[in-house]
Amino acid sequence: MKRLRTFLALAAVPLFLAACGNLGSSSMSGTSGSNSPGSTQLTGQSSDGDYEGVIKSGHYQTSKSRGVTNSQDSGNTYNLKSFENGMLNVSKKVFSTKKYVFQEGQHLTTSTVQNWLDRKSKSNPTGLNPKSNGSTSPTKRNPIYIQALEEQDYMTQKNNKLHLGGVTVGIAVNSVDYYKKTQYGATYETKITKAAGEAYAKQAANTVLKRLRQKSALKDVPIVIAIYRQASNDSLVGGDFIAYSQNKAGSTSVAKWTAMDEKNYVFPISSGSSSPNSNDSSAFTNFKTEVENFFPNLSGVTAQAHYNGKSLTGMHVNIQTQFYSQTEIISFTQYLQTAAQKYLPSGVPIDITVASTDGTQSFLSRASGAKKFTSHVFNSY
(Lines give C-alpha, C1' and ligand atoms only; values in the text may rest on other atoms or scores of the structure.)
Protein backbone atom coordinates (compact mmCIF):
# COMPACT_ATOMS: atom_id res chain seq x y z
CA MET A 1 0.00 0.00 0.00
CA LYS A 2 1.38 3.43 -0.89
CA ARG A 3 2.61 5.51 2.03
CA LEU A 4 1.32 8.77 0.59
CA ARG A 5 -1.04 11.50 1.56
CA THR A 6 -1.95 15.01 0.45
CA PHE A 7 -2.03 17.89 2.93
CA LEU A 8 -4.96 20.22 2.25
CA ALA A 9 -5.13 22.10 5.53
CA LEU A 10 -2.88 24.97 4.49
CA ALA A 11 -4.35 27.89 2.61
CA ALA A 12 -4.68 27.35 -1.11
CA VAL A 13 -3.11 30.70 -1.94
CA PRO A 14 0.40 31.25 -0.48
CA LEU A 15 0.79 34.27 1.75
CA PHE A 16 3.63 35.71 -0.32
CA LEU A 17 1.21 36.80 -3.05
CA ALA A 18 -0.19 40.27 -2.86
CA ALA A 19 -3.87 40.89 -2.22
CA CYS A 20 -5.94 41.05 -5.38
CA GLY A 21 -6.62 44.76 -5.12
CA ASN A 22 -5.30 45.89 -8.50
CA LEU A 23 -6.68 43.25 -10.81
CA GLY A 24 -7.98 45.70 -13.36
CA SER A 25 -4.59 47.31 -13.95
CA SER A 26 -2.91 43.91 -14.03
CA SER A 27 -5.11 42.33 -16.70
CA MET A 28 -3.10 40.40 -19.30
CA SER A 29 -5.81 39.54 -21.81
CA GLY A 30 -9.55 39.84 -22.25
CA THR A 31 -11.50 42.73 -20.71
CA SER A 32 -9.83 44.52 -17.82
CA GLY A 33 -11.11 42.97 -14.60
CA SER A 34 -13.12 40.43 -16.60
CA ASN A 35 -13.92 36.91 -15.42
CA SER A 36 -14.75 35.78 -18.94
CA PRO A 37 -13.40 32.44 -20.17
CA GLY A 38 -9.81 32.74 -21.31
CA SER A 39 -9.13 36.05 -19.55
CA THR A 40 -5.88 36.22 -17.57
CA GLN A 41 -5.13 38.62 -14.75
CA LEU A 42 -2.39 39.18 -12.22
CA THR A 43 -2.76 39.67 -8.49
CA GLY A 44 -0.56 42.76 -8.31
CA GLN A 45 2.51 43.21 -6.09
CA SER A 46 2.67 44.38 -2.50
CA SER A 47 6.41 44.99 -2.95
CA ASP A 48 9.16 44.49 -5.54
CA GLY A 49 10.32 41.47 -3.55
CA ASP A 50 7.08 39.57 -4.15
CA TYR A 51 5.92 37.70 -7.24
CA GLU A 52 2.61 38.51 -8.83
CA GLY A 53 0.29 35.51 -9.14
CA VAL A 54 -1.81 34.31 -12.07
CA ILE A 55 -5.62 34.36 -12.22
CA LYS A 56 -7.40 32.75 -15.16
CA SER A 57 -11.09 33.21 -15.88
CA GLY A 58 -11.52 34.75 -12.44
CA HIS A 59 -9.88 31.86 -10.56
CA TYR A 60 -6.47 31.56 -8.93
CA GLN A 61 -4.34 28.92 -10.64
CA THR A 62 -3.89 26.26 -7.96
CA SER A 63 -1.19 23.60 -8.16
CA LYS A 64 -1.98 20.23 -9.72
CA SER A 65 0.08 18.39 -7.11
CA ARG A 66 0.70 20.70 -4.15
CA GLY A 67 1.12 19.03 -0.77
CA VAL A 68 1.59 15.45 -2.00
CA THR A 69 4.05 13.78 0.36
CA ASN A 70 5.04 10.41 1.72
CA SER A 71 3.04 9.72 4.87
CA GLN A 72 4.96 10.55 8.03
CA ASP A 73 3.10 9.82 11.27
CA SER A 74 2.60 13.00 13.32
CA GLY A 75 4.55 14.86 10.66
CA ASN A 76 6.13 18.25 11.24
CA THR A 77 3.80 20.77 9.58
CA TYR A 78 6.56 23.39 9.62
CA ASN A 79 8.36 21.38 6.94
CA LEU A 80 5.76 21.99 4.23
CA LYS A 81 5.64 25.76 4.84
CA SER A 82 9.42 26.01 5.07
CA PHE A 83 9.78 23.93 1.90
CA GLU A 84 7.49 26.15 -0.17
CA ASN A 85 8.82 29.46 1.15
CA GLY A 86 12.39 28.30 0.68
CA MET A 87 11.67 27.34 -2.93
CA LEU A 88 10.49 30.89 -3.52
CA ASN A 89 13.71 32.30 -2.07
CA VAL A 90 15.81 29.99 -4.24
CA SER A 91 13.76 30.97 -7.30
CA LYS A 92 14.36 34.67 -6.65
CA LYS A 93 18.10 34.03 -7.13
CA VAL A 94 17.34 33.00 -10.73
CA PHE A 95 13.93 34.39 -11.72
CA SER A 96 13.67 38.09 -10.86
CA THR A 97 10.39 39.26 -9.31
CA LYS A 98 10.56 42.24 -11.69
CA LYS A 99 10.60 40.07 -14.82
CA TYR A 100 8.74 36.90 -13.85
CA VAL A 101 5.25 36.10 -12.61
CA PHE A 102 4.57 33.17 -10.27
CA GLN A 103 2.18 30.37 -11.17
CA GLU A 104 1.53 27.22 -9.15
CA GLY A 105 2.90 24.08 -10.80
CA GLN A 106 0.77 23.01 -13.77
CA HIS A 107 2.85 20.22 -15.32
CA LEU A 108 3.25 17.56 -12.61
CA THR A 109 -0.05 15.95 -11.67
CA THR A 110 -0.94 14.43 -8.31
CA SER A 111 -0.77 10.89 -9.68
CA THR A 112 2.63 11.51 -11.27
CA VAL A 113 4.13 12.89 -8.05
CA GLN A 114 2.57 10.08 -6.01
CA ASN A 115 4.19 7.47 -8.26
CA TRP A 116 7.55 9.22 -8.16
CA LEU A 117 7.51 9.44 -4.36
CA ASP A 118 6.63 5.79 -3.90
CA ARG A 119 9.23 3.00 -3.89
CA LYS A 120 10.45 1.64 -7.17
CA SER A 121 8.82 -1.73 -7.92
CA LYS A 122 7.52 -3.89 -10.76
CA SER A 123 4.14 -2.19 -10.49
CA ASN A 124 5.71 1.27 -10.12
CA PRO A 125 8.90 1.49 -12.23
CA THR A 126 8.97 5.33 -11.93
CA GLY A 127 9.41 5.29 -8.14
CA LEU A 128 12.31 7.48 -7.02
CA ASN A 129 12.66 5.81 -3.62
CA PRO A 130 14.62 2.54 -3.39
CA LYS A 131 13.06 -0.89 -3.66
CA SER A 132 12.15 -2.52 -0.37
CA ASN A 133 14.77 -5.04 0.72
CA GLY A 134 12.26 -6.80 2.97
CA SER A 135 13.95 -5.78 6.22
CA THR A 136 12.09 -3.98 9.01
CA SER A 137 15.24 -3.26 11.04
CA PRO A 138 15.94 0.49 11.43
CA THR A 139 19.59 -0.06 10.51
CA LYS A 140 19.14 -2.61 7.70
CA ARG A 141 16.00 -1.55 5.78
CA ASN A 142 16.09 0.66 2.72
CA PRO A 143 14.63 3.94 3.99
CA ILE A 144 12.31 6.36 2.22
CA TYR A 145 14.76 9.09 1.21
CA ILE A 146 12.56 11.43 -0.82
CA GLN A 147 9.66 12.80 1.20
CA ALA A 148 8.15 15.43 -1.11
CA LEU A 149 8.48 16.92 -4.57
CA GLU A 150 6.97 20.20 -5.72
CA GLU A 151 6.86 22.32 -8.86
CA GLN A 152 6.66 26.10 -9.19
CA ASP A 153 6.27 27.84 -12.57
CA TYR A 154 7.62 31.25 -13.53
CA MET A 155 5.98 33.12 -16.38
CA THR A 156 7.10 35.97 -18.64
CA GLN A 157 4.94 38.47 -20.51
CA LYS A 158 5.12 38.83 -24.27
CA ASN A 159 2.56 40.40 -26.61
CA ASN A 160 0.18 40.82 -23.68
CA LYS A 161 0.26 37.09 -22.98
CA LEU A 162 2.01 34.93 -20.39
CA HIS A 163 4.54 32.31 -21.44
CA LEU A 164 6.40 29.76 -19.34
CA GLY A 165 9.86 31.22 -18.68
CA GLY A 166 11.24 28.80 -16.12
CA VAL A 167 10.46 26.13 -13.54
CA THR A 168 11.69 25.37 -10.04
CA VAL A 169 11.38 21.85 -8.65
CA GLY A 170 12.04 21.15 -5.00
CA ILE A 171 13.14 17.72 -3.76
CA ALA A 172 12.68 17.19 -0.01
CA VAL A 173 14.70 14.42 1.62
CA ASN A 174 14.20 12.96 5.09
CA SER A 175 16.54 13.33 8.02
CA VAL A 176 14.47 10.62 9.75
CA ASP A 177 12.25 8.06 8.02
CA TYR A 178 9.32 7.05 10.24
CA TYR A 179 7.61 3.74 9.58
CA LYS A 180 5.47 0.99 11.11
CA LYS A 181 6.12 -2.74 10.97
CA THR A 182 2.37 -3.37 11.19
CA GLN A 183 -0.49 -1.08 10.19
CA TYR A 184 -1.45 0.01 13.71
CA GLY A 185 1.78 -0.86 15.47
CA ALA A 186 4.54 1.20 17.04
CA THR A 187 6.46 3.80 15.04
CA TYR A 188 10.13 3.12 14.28
CA GLU A 189 12.84 5.41 12.96
CA THR A 190 15.59 5.09 10.38
CA LYS A 191 17.98 8.02 10.63
CA ILE A 192 19.46 9.38 7.41
CA THR A 193 22.68 11.39 7.51
CA LYS A 194 22.87 14.70 5.69
CA ALA A 195 25.55 13.33 3.36
CA ALA A 196 23.51 10.23 2.47
CA GLY A 197 20.30 12.17 1.91
CA GLU A 198 22.01 14.84 -0.20
CA ALA A 199 23.79 12.25 -2.35
CA TYR A 200 20.57 10.33 -2.97
CA ALA A 201 18.65 13.53 -3.84
CA LYS A 202 21.32 14.67 -6.29
CA GLN A 203 21.19 11.32 -8.04
CA ALA A 204 17.38 11.50 -8.21
CA ALA A 205 17.59 15.06 -9.53
CA ASN A 206 19.14 13.84 -12.78
CA THR A 207 16.28 11.39 -13.23
CA VAL A 208 13.72 14.11 -12.50
CA LEU A 209 15.34 16.53 -14.96
CA LYS A 210 15.32 13.94 -17.76
CA ARG A 211 11.65 13.18 -17.12
CA LEU A 212 10.72 16.86 -17.12
CA ARG A 213 12.43 17.35 -20.49
CA GLN A 214 10.17 14.68 -21.97
CA LYS A 215 7.23 17.06 -21.50
CA SER A 216 6.93 19.32 -24.54
CA ALA A 217 6.20 22.42 -22.44
CA LEU A 218 9.35 21.88 -20.36
CA LYS A 219 11.73 20.83 -23.11
CA ASP A 220 13.31 24.24 -23.70
CA VAL A 221 12.96 26.25 -20.48
CA PRO A 222 15.46 26.82 -17.63
CA ILE A 223 14.82 24.44 -14.73
CA VAL A 224 16.06 25.02 -11.20
CA ILE A 225 16.27 22.01 -8.89
CA ALA A 226 16.59 22.65 -5.15
CA ILE A 227 17.31 20.09 -2.42
CA TYR A 228 15.66 20.47 0.99
CA ARG A 229 16.43 18.44 4.13
CA GLN A 230 13.37 17.87 6.30
CA ALA A 231 13.44 18.50 10.04
CA SER A 232 12.45 15.67 12.37
CA ASN A 233 8.84 15.39 13.52
CA ASP A 234 9.61 16.74 17.00
CA SER A 235 11.33 19.89 15.70
CA LEU A 236 9.76 23.30 16.36
CA VAL A 237 11.12 24.61 13.04
CA GLY A 238 11.16 23.38 9.47
CA GLY A 239 14.14 21.98 7.61
CA ASP A 240 16.81 23.65 5.49
CA PHE A 241 17.72 23.97 1.81
CA ILE A 242 21.20 22.58 1.27
CA ALA A 243 21.87 22.99 -2.48
CA TYR A 244 20.37 24.11 -5.79
CA SER A 245 21.23 23.81 -9.47
CA GLN A 246 20.47 26.07 -12.45
CA ASN A 247 19.91 24.02 -15.58
CA LYS A 248 19.86 25.72 -18.96
CA ALA A 249 17.09 25.21 -21.48
CA GLY A 250 17.34 21.77 -23.05
CA SER A 251 19.87 20.31 -20.58
CA THR A 252 19.09 16.76 -19.44
CA SER A 253 21.68 16.32 -16.69
CA VAL A 254 22.61 18.46 -13.70
CA ALA A 255 26.00 20.05 -14.39
CA LYS A 256 26.70 21.99 -11.18
CA TRP A 257 25.34 22.35 -7.65
CA THR A 258 25.53 25.49 -5.52
CA ALA A 259 25.75 24.81 -1.78
CA MET A 260 23.47 26.75 0.57
CA ASP A 261 24.41 27.58 4.15
CA GLU A 262 20.96 28.12 5.65
CA LYS A 263 19.68 26.93 9.01
CA ASN A 264 16.66 27.35 11.26
CA TYR A 265 16.93 27.58 15.04
CA VAL A 266 14.54 27.67 17.98
CA PHE A 267 14.99 30.34 20.66
CA PRO A 268 15.64 30.00 23.55
CA ILE A 269 18.54 27.74 22.54
CA SER A 270 18.39 24.39 24.30
CA SER A 271 21.12 23.34 26.70
CA GLY A 272 24.21 22.02 24.95
CA SER A 273 23.38 23.81 21.67
CA SER A 274 24.40 27.17 20.25
CA SER A 275 23.28 29.63 17.61
CA PRO A 276 25.51 31.13 14.89
CA ASN A 277 25.46 34.46 16.76
CA SER A 278 25.39 34.48 20.57
CA ASN A 279 24.31 38.15 20.57
CA ASP A 280 21.02 37.23 18.88
CA SER A 281 20.38 34.49 21.42
CA SER A 282 21.15 36.84 24.32
CA ALA A 283 18.90 39.53 22.85
CA PHE A 284 15.97 37.12 22.67
CA THR A 285 16.63 35.86 26.22
CA ASN A 286 16.54 39.44 27.52
CA PHE A 287 13.31 40.09 25.62
CA LYS A 288 11.74 36.90 26.97
CA THR A 289 12.72 37.73 30.56
CA GLU A 290 11.40 41.28 30.28
CA VAL A 291 8.09 40.14 28.80
CA GLU A 292 7.55 37.41 31.39
CA ASN A 293 8.31 39.85 34.21
CA PHE A 294 5.82 42.34 32.83
CA PHE A 295 3.02 39.80 32.54
CA PRO A 296 3.63 36.53 34.42
CA ASN A 297 0.41 34.93 33.15
CA LEU A 298 2.10 33.51 30.03
CA SER A 299 2.39 29.92 28.82
CA GLY A 300 5.54 30.41 26.78
CA VAL A 301 7.71 32.75 24.70
CA THR A 302 9.63 31.11 21.83
CA ALA A 303 10.97 32.11 18.43
CA GLN A 304 11.98 30.63 15.10
CA ALA A 305 15.16 32.21 13.76
CA HIS A 306 16.48 31.82 10.21
CA TYR A 307 20.19 32.21 9.41
CA ASN A 308 22.20 32.47 6.23
CA GLY A 309 25.65 31.48 7.43
CA LYS A 310 26.13 33.45 10.64
CA SER A 311 23.75 36.24 9.64
CA LEU A 312 20.22 36.39 11.04
CA THR A 313 17.75 36.97 8.21
CA GLY A 314 14.42 36.84 10.07
CA MET A 315 12.59 35.86 13.22
CA HIS A 316 9.07 34.66 14.11
CA VAL A 317 8.20 35.14 17.80
CA ASN A 318 5.32 33.19 19.35
CA ILE A 319 3.80 34.18 22.69
CA GLN A 320 1.17 31.94 24.28
CA THR A 321 -1.06 33.61 26.86
CA GLN A 322 -3.58 32.47 29.43
CA PHE A 323 -5.46 35.74 29.89
CA TYR A 324 -8.57 36.73 27.98
CA SER A 325 -9.35 40.31 29.03
CA GLN A 326 -9.45 42.59 25.99
CA THR A 327 -7.91 45.46 27.95
CA GLU A 328 -5.08 43.18 29.05
CA ILE A 329 -4.41 42.21 25.45
CA ILE A 330 -4.32 45.85 24.36
CA SER A 331 -1.94 46.85 27.17
CA PHE A 332 0.27 43.82 26.60
CA THR A 333 0.51 44.50 22.86
CA GLN A 334 1.44 48.12 23.48
CA TYR A 335 4.17 47.01 25.85
CA LEU A 336 5.49 44.48 23.34
CA GLN A 337 6.05 47.23 20.78
CA THR A 338 8.43 48.97 23.17
CA ALA A 339 10.16 45.83 24.45
CA ALA A 340 10.66 44.33 20.99
CA GLN A 341 12.21 47.51 19.63
CA LYS A 342 14.53 47.72 22.66
CA TYR A 343 15.71 44.13 22.93
CA LEU A 344 15.25 42.19 19.68
CA PRO A 345 17.89 42.34 16.90
CA SER A 346 17.60 45.28 14.52
CA GLY A 347 17.84 45.32 10.74
CA VAL A 348 15.93 42.07 10.09
CA PRO A 349 12.20 41.37 9.57
CA ILE A 350 10.50 40.20 12.77
CA ASP A 351 6.90 39.28 13.49
CA ILE A 352 5.31 38.53 16.85
CA THR A 353 2.11 36.54 17.31
CA VAL A 354 0.22 36.65 20.60
CA ALA A 355 -2.25 33.77 20.92
CA SER A 356 -4.25 31.72 23.41
CA THR A 357 -6.32 28.56 23.11
CA ASP A 358 -9.06 30.78 21.65
CA GLY A 359 -6.86 31.86 18.75
CA THR A 360 -4.69 34.82 17.76
CA GLN A 361 -5.12 37.85 20.02
CA SER A 362 -2.70 40.33 18.48
CA PHE A 363 0.06 40.60 15.91
CA LEU A 364 3.14 42.81 15.61
CA SER A 365 5.63 43.13 12.76
CA ARG A 366 8.61 45.12 11.59
CA ALA A 367 10.06 45.11 8.08
CA SER A 368 13.80 44.76 7.57
CA GLY A 369 14.33 48.47 6.89
CA ALA A 370 11.90 49.80 9.50
CA LYS A 371 12.74 51.02 13.00
CA LYS A 372 9.39 50.61 14.73
CA PHE A 373 6.92 47.75 15.04
CA THR A 374 3.35 48.04 13.85
CA SER A 375 0.61 46.15 15.68
CA HIS A 376 -2.96 44.97 15.41
CA VAL A 377 -5.25 43.72 18.18
CA PHE A 378 -8.00 41.35 17.07
CA ASN A 379 -11.25 42.63 18.58
CA SER A 380 -14.73 41.18 18.51
CA TYR A 381 -18.14 42.85 18.20
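The values are calculated or read from the model by the stated rules, or taken from the named source; none is laboratory data. Being a predicted model, the structure only gives us computed values, none of them experimental. Ideal geometry is used to build each Cβ from the backbone, glycine not excepted, and the neighbour counts take in all protein chains shown. Protein only, heavy atoms only, side chains kept; ligands, DNA and RNA dropped before computing areas. Shrake-Rupley method; radii C 1.70, N 1.55, O 1.52, S 1.80 Å.
Annotations
- Scanning the stretch 157-179 for residues that are in a helix (DSSP H, G or I) and either basic (Lys, Arg) or without any contact (Cβ under 8 Å) to a residue 60 or more places away in the chain (or both) turns up nothing.
- Single unsatisfied condition, PHE95 versus (1) more than 27 Å from THR40 (Cβ to Cβ); (2) in contact (Cβ under 8 Å) with a residue 60 or more places away in the chain: (1)
- Within the stretch 75-101, if we keep just the residues that are part of a helix (DSSP H, G or I) and aromatic (Phe, Trp, Tyr), the residue that is nearest to ASP48 (Cα to Cα) turns out to be PHE83.
- Qualifying residue in the stretch 220-233 (condition: out of contact with any Gly (no Cβ under 9 Å at 6 or more places or on another chain) and not hydroxyl-bearing (Ser, Thr, Tyr)): no
- When residues in the stretch 309-325 are screened for being open to solvent by 60 Å² or more (accessible area, probe 1.4 Å) and either out of contact with any Pro (no Cβ under 9 Å at 6 or more places or on another chain) or among the charged types (D, E, K, R) (or both), 5 of them pass.
- Of all residues in the stretch 42-66 being of a type in the set (Gly, Ala, Ser), under 18 Å from the mean Cα position of the chain (by Cα) and not in a strand (DSSP E or B), the one that is nearest to GLN152 (Cα to Cα): SER63
- Just so you know, in the stretch 90-100 the residues that are touching a strand residue (DSSP E or B) at 6+ places or on another chain (Cβ under 8 Å) and of a type outside the set (Val, Ile, Thr) include one that is most open to solvent (accessible area, probe 1.4 Å), and it is LYS99.
- Of the strands (runs of 3 or more DSSP E) lying entirely inside the stretch 282-364, not one carries at least 3 residues that are of a type in the set (Lys, Arg).
- Tally of residues being closer than 28 Å to ALA226 by Cβ and surrounded by 15 or more Cβ atoms within 10 Å (Cβ to Cβ) across the stretch 262-304: 14
- Test: residue in the stretch 246-256 that is small (Gly, Ala, Ser), open to solvent by 40 Å² or more (accessible area, probe 1.4 Å) and closer than 22 Å to VAL113 by Cα: yes
- Checked across the stretch 102-125, the condition of being part of a loop (DSSP other than H, G, I, E, B), open to solvent by less than 20 Å² (accessible area, probe 1.4 Å) and within 23 Å of ALA199 (Cα to Cα) holds for at least one residue.
- Residue check, LEU149 open to solvent by less than 10 Å² (accessible area, probe 1.4 Å) and either free of Cβ contacts under 8 Å to residues at least 40 places away in the same chain or within 14 Å of the chain's Cα centre (by Cα) (or both): yes
- Within the stretch 251-268, the set of residues being in contact with a Phe, Trp or Tyr (Cβ under 9 Å, 6 or more places away or on another chain) and not in a strand (DSSP E or B) comprises TRP257, MET260, ASP261, PRO268.
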